[in-house]
Structures are given as structure tokens and as C-alpha cells.
Amino acid sequence: MDRFIAAEHLEMVFNTARGPFHALRDINLAIAKGEFISLIGHSGCGKSTLLNLIAGLILPRSGVLLCDGREIAAPGPDRAVVFQNHSLLPWLTCFDNIYLGVERVFSSKESRAQMRARTQAALELVGLPHAAHKHPHEISGGMKQRVGIGRALAMEPKVLLMDEPFGALDALTRAKLQDELQTIVTRSGATVVMVTHDVDEAVLLSDRIVMLTNGPQATIGEVLTVDLPRPRDRLALSEDPHYAHLRAGVLEFLYRRQAHPQVTLA
Ligand SMILES: Nc1ncnc2c1ncn2[C@@H]1O[C@H](COP(=O)(O)OP(=O)(O)O)[C@@H](O)[C@H]1O
Ligand SMILES: [Mg+2]
């Protein structure tokens, strides 16, 4: 099996004012190059923690965590992160927000013209060439998220890490961006790890869904392979019995096997 990203016996403990908090326990996961993985689980179980470990934003207490054969010890341009709330700089245009990321990665090897071309290509990839000269406050939430994704992809990362990237958007915008993301990811060939708590989003986009148990000491409870052919069409899938079966598998895990203490089952 291709082990482009590999976690072995990964443990995460946070030091808090009230003592150590054991967030993740014995995480073992191998992700192949080009795979689309979703992390799903109840709020507070440790999804963002696992994503931040892969991003290199935090370091594990113990265990092995590798990307492309090298230990993840710090953030790097090979692993771009998109957060739920876009992190665009308000005083820069959409173009300049992306250019800033491009410059960070390519300034030592490429001319300004080449970097501008990259930036333009990224804006086109996410369908925003017309918004190049707008500032973040002049565009919608969905457009801001697209700029964030464009900026991440413009850096040509090996891995695209997304933490509930569409969580703050309305349902229609979210659906549109999910569809676009499918196309963009196929074109870019990036390996993707996405945190979500949206079951339909996970089934629509993923090759595998990694389901986390409730914390503390959350771990991987189950991994579901989504063997639906691509490209996936949400309307056709809504009537596909296999889609319904996969969706039910995730719901079963979340609401029966890992029912949140506050949730009472009918
Ligand atoms: N920096 C931190 N310090 C202490 N505890 C943390 C820190 N970050 C996250 N946690 C705790 O770890 C658990 C998992 O958090 P998180 O990964 O953000 O959950 P999720 O993204 O699944 O909602 C939670 O109980 C949270 O309070
Ligand atoms: Mg989170």
C-alpha cells in the first residue's frame, strides 16, 4: 500500500492549566498519494487536532507521522491548509492574497512574470478571474473560500489540508463549492485530507472516510471506503442505493456506535 502520509501509534496530549489532556490515542493511518480522505466525528473529538498534526502546526507526544517519507516536524509549503474561516488579508486584493502565497514558495526559483501567471492560473482554477482586483470585503463568503482554496493550490502543495472549509457557508453555496472542489482536486492531483461533520459532503467527496471515536483519547473507530465511480453527480447519487448504504454506514457509526452523551436515540 502507498503510504504517502503515514501515522503510526500517534498520541496527542495537550498540556493545560488543569493538567495533561489526552486528545488522540493510537492513531494508525496510511494515506495514498492522490487520495481524498475525510475525517469525521462529533464536535471536540479531535479532527482538527489530527489535521493540525499533519500540517505540522502542533507536534505529537509520541508516535510516527510521515509525509512523503519524511517526518512532519513543522509546517511546510508541501502541506497547504484551508480553514473554515478564510484567512485572507483584508488590505490585499484577491490576486495579491494568492500572489503572497505563490511568492513564499516560488520567489527563489521563478520570475515575477512567472509567479503572476501562476496566480492568474489559480484564480481561473477556482473560477474567480473577474474578482482579481477586488478586496475580501467586496466578495461573498463562498468567493472568499474559493480564494483561500486557490491560494492553497497555487502553492502546488503535495497535500491539501482543509478544516471544515465549507462549514460557514449556506447550503447552496456549499453544494456548488463541493462540486467545484471535485473538479479542482481531480485536475490538481493533490492528496486531500478534509475535516467535516457533514455526512453527505464526506460521502460525495471522499475515497475513504475516517471516523473518529469520541474523545478524550479519541482514536480511529472505523474507515469506510467510498467506492462510488467519479465524477460524482449529487442528483444521480441521491437516488443511488449504494450511496444510501454508504451514508447509512457513517450515520450508524456517528449516531448509534458513537452517540454523543447529549444525544438521545429515538
Ligand atoms: N491547544 C489545545 N489545548 C488544550 N486542549 C485542546 C487544544 N486543542 C484542542 N484541545 C482539545 O482537544 C479536543 C479535540 O479538539 P479538536 O481537535 O479541536 O476537536 P474537533 O475538531 O473534532 O471538534 C477537545 O477536547 C479540545 O478541547
Ligand atoms: Mg475542529
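In order along region 122-131, the phi-based Karplus estimate (6.51 cos²θ - 1.76 cosθ + 1.60, θ = phi - 60°) of 3J(HN,Hα) comes to 5, 4, 5, 4, 9, x, 10, x, 6, 9 Hz; Gly and Pro are listed as x.
Once you've got the GNM for the chain with C-alpha springs shorter than 10 Å, pick whichever of 216, 90, 157 has the biggest mean-square fluctuation. For the chain, modelled as a Gaussian network with Cα springs under 10 Å, the answer is 90.
Compute the acute angle (0 to 90°) between the alpha-carbon long axis of helix 171-188 and the principal axis of greatest extent of the alpha-carbon atoms of the chain; round to the nearest 10°. Between the helix axis and the principal axis of the chain, the angle is about 70 degrees. How big is the shadow of the Cα convex hull of the chain, averaged over all directions, in nm²? Its average projected convex-hull area is 15.8 nm².
Cross-link partners of residue 144 among aspartates and glutamates, defined as those whose alpha carbon lies under 16 angstrom from its own and excluding same-chain residues fewer than eight positions apart: 96, 124, 163, 164, 170, 180.
Inter-label distance, residue 100 to residue 15: 3.2 nm, where each label sits 7 Å from its Cα along the C-beta direction. Put simply, the amide H of residue 84, placed in the peptide plane, has neighbours under 5 Å in 163, leaving out anything fewer than 5 places away on its chain. For the chain, modelled as a GNM whose springs connect Cα atoms under 10 angstrom apart, the maximal fluctuation among 195, 64, 126 occurs at 64. Computed from phi, the 3J(HN,Hα) profile of region 33-42 under the Karplus parametrisation 6.51, -1.76, 1.60 (θ = phi - 60°) reads 4, x, 7, 10, 10, 10, 9, 10, x, 5 Hz, with x in place of Gly and Pro.
Amide H contacts under 5 Å for residue 21: 14, 15, 16, restricted to partners 5 or more places along the chain or on a different chain, H placed in the peptide plane at 1.01 Å from N. For region 100-110, what does the Karplus curve 6.51 cos²θ - 1.76 cosθ + 1.60, with θ = phi - 60°, yield as ³J(HN,Hα) per residue in whole Hz, taken in order and with x for Gly and Pro? Along region 100-110, the couplings run 4, x, 4, 4, 4, 8, 10, 4, 7, 10, 10 Hz. The ranking of 48, 43 from fewest to most other beta carbons within 10 Å of each one's beta carbon is 43, 48.
Readers should treat all values here as calculations from the given coordinates under stated rules, not as data from a laboratory. These numbers were taken from a predicted model, which means no experiment stands behind them. All Cβ positions, glycine included, derive from the backbone under ideal geometry; neighbour counts span all protein chains shown.
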